[in-house]
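What follows is a short report on a single structure.
Derivation of every value follows stated rules applied to the coordinates shown; laboratory data play no part. Source: prediction; values computed, not measured. Positions of Cβ are generated from backbone atoms using ideal geometry, with glycine treated the same way; all protein chains shown enter the neighbour counts.
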Amino acid sequence: MRTVTVLPRSRPLRRSDLEAMPDDGHRYELIDGALVVTPAPSYRHQRAIGKLFVLLERHCPAEMVVLFAPSDVALGDDTVMQPDLLVARRSDLTQCDLPTAPALRRGGAVAEHEANRSDLETVTL
């Protein structure tokens, strides 16, 4: 079983701290200044996300783009997440990230697949 680890903190972390994390196959995210570390996903997880990506990409309007992790969604300097899948307007993206939550009223969404569940959870930010 894969586990998510929330590390103890001496101070709230910021995006600059997150950028200093190693490129070691783990997913590093910040939630309200707390560092959340997730191990690399399983084969089953990747297959499910891959299939959903193909379906979304097939039906995505030209002004939208489908991205998969790692793609940062920066909700604030202390909250940077990497959803499994992200659908966003091309015009809302920067070279580095989506600097805000996807605008659901304009067609944006994020999807997170939980390893111990067989369904897919859509998260509204």
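Counting only Cβ charges, +1 for Lys and Arg and -1 for Asp and Glu, the dipole size of segment 32-82 around its Cα centre is about 540 debye.
Taking 0.36 nm per residue of separation and subtracting the current Cα-Cα distance, fully stretching the chain between THR38 and VAL54 would add 3.4 nm.
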